[in-house]
Amino acid sequence: MTAIQIILLAGILFLYGYFLLNIRRRFLELIFFTLIAIGAIFFIITPDTSTLLAKKLGVQRGVDLIFYFTILFFGYLLMKLYLRIKKVEQKLTAVIREDALSNVKYPHNIN
Amino acid sequence: MTTTATVTNLSFNRNGVFILIPAYNETQVIGKVIQKIKEAGYNNIVVVDDGSSDNLLNFLQKPLYFLKHKKNLGQGAALQTGFSFVKNLNFEYLITFDADGQHDPKNLDILLHEIIVTKADIIFGSRFLSFDNKLPLKKRILLKIARYINFLFTGLLLSDAHNGLRILNKKAVNSINITENGMAHATEFLFEVKLHKLTWKEVPVIIHYSKYSIKKGQRISNSIKILIDLLLYKTSK
């Protein structure tokens with residue numbers, strides 16, 4: 001095994017372990033990220049497989065193929081993050097609005 | 001000042017009309033804005049303070065209705081808070097009016113007349129239909145581009161969707177639900193109009209640009225943010 005394979009494996013295992021510690025019962029996400037981790041470990045240990053697969057998909061190098069899928073994956077993560085932030089923003093807006101509506105100053109009692 | 005007006009033989013009562021003013025750090029001009037609205041005969045004024053850092057209430061001509069967001073959320077959020085509040089009042093029409101002094105109170109009778117005569121659910125004010133509104137060139141170009149982007153997203157072709165001057169009837173106020181807190185709410189408005197099959201029309205309105213209002217207005221960078229918000233809005237619905 002080469003040095004880079006060891007480093008990448010350590011990185012994947014660390015990320016996956018950190019994810020497991022914070023997963024909080026989101027089972028679908030658990031399955032999804034487990035598959036991603038398995039795939040990553042597989043391609044790290046057998047890099048030639050990625051090259052074979054790449055050529056079948058019309059890509060020159062295995063690492064390029066992995067790079068393209070990584071971009072897609074990050075796009076998916078960004079979208080999820082955006083939606084999560086939107087949800088939080090909506091909850092915050094609802095709380096602030098409720099407070100404003102509960103403390104209206106009416107014409108007859110405004111100074 | 002009388003609260004009834006007669007325009008082209010139509011007499012209408014301004015008592016059923018509420019003016020909704022979302023405001024953020026507008027202490028310099030809002031006092032005068034409200035004074036002019038009252039001089040125009042409109043006394044039902046609702047100010048939604050969108051988390052201003054100064055004590056806006058001290059600068060307002062009372063009596064009026066006043067609501068305050070504890071934190072700044074955006075004009076869209078302030079408008080929706082106003083809508084949520086006004087729904088519980090005895091109103092016939094609601095006019096949204098900017099706090100920065102750009103909107104001329106002469107427009108209020110124009111809008112009211114138009115909604116009564118046409119029986120539309122919403123009348124949008126437009127800077128481009130007539131009147132010699134001296135828009136800065138950059139703003140003119142930006143708004144023209146925005147017009148077609150809005151059309152692409154909503155299918156509605158307005159000459160000026162980003163004008164804050166609108167009048168809505170009860171049906172429109174009760175139907176529309178703005179979830180975009182920022183300036184993309186103007187486009188979301190059009191989505192809501194289409195979704196709820198609200199009838200609409202545009203009328204020319206008078207706008208006054210000052211150094212103050214231009215400084216407070218939208219920058220090109222804001223426009224790019226609005227576009228991104230719109231793209232992501234579509235994906236989140």
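The values are calculated or read from the model by the stated rules, or taken from the named source; none is laboratory data. The model shown is predicted, which means the values in this text are computed figures rather than measured ones. Glycine gets a Cβ as well: all are built from the backbone with ideal geometry, and neighbour counts include every protein chain shown. Heavy atoms of the whole protein, side chains included, go into the accessibility calculation; ligands, DNA and RNA do not. Shrake-Rupley method; radii C 1.70, N 1.55, O 1.52, S 1.80 Å.
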Computed accessible area, residue B:147, all protein chains, 1.4 angstrom probe, square angstrom: 60
If I model a spin label as a point 7 Å beyond the Cα along the Cα-Cβ vector, how far apart are those points for residue B:139 and residue A:48 in nm? 6.9
Between beta-carbons, use under 12 Å as the cut-off and find the net charge around residue A:100, counting Lys and Arg +1, Asp and Glu -1. +1
If you find the alpha carbon centre of the range B:136-194 and of the range B:30-108, how far apart are they in angstrom? 19
Quickly rank A:46-58, B:101-113 as a protection proxy: mean count of other C-beta atoms within 10 Å, highest first. B:101-113, A:46-58
Modelled label-to-label distance, residue A:27 and residue B:54, 7 Å Cα→beta-carbon offset: nm? 5.8
With the crude spin-label approximation of a point 7 Å out along Cα→Cβ, what separation in nm comes out for residue B:88 versus residue A:73? 5.0
log₁₀ I(q)/I(0) of chain A at q = 0.09, 0.10, 0.11, 0.18 Å⁻¹, via Debye over equal Cα point scatterers, no solvent, to two decimals? -0.44, -0.50, -0.56, -1.04
Ratio of the range B:102-214's C-alpha Rg to 2.2 N^0.38 Å, to two decimals? 1.04
Whole angstrom only: what separates the Cα centroid of the range A:51-68 from the Cα centroid of the range A:9-45? 22
So for R0 = 22 Å, FRET eff. of residue A:103-residue B:177 from the Cβ-Cβ r, to 0.05, ends up at 0.50
Please turn the phi angles of the range B:65-73 into ³J(HN,Hα) values with the Karplus equation 6.51 cos²θ - 1.76 cosθ + 1.60 (θ = phi - 60°), one per residue in order, whole Hz, x for glycine and proline. 9, 9, 10, 9, 7, 5, 10, 6, 10
Averaging over all projection directions, find the projected area of the Cα convex hull of the protein assembly as shown and quote it in nm² with one decimal place. 23.4
The range B:45-179: antiparallel bridges as % of DSSP beta bridges, rounded to 5, reads 60
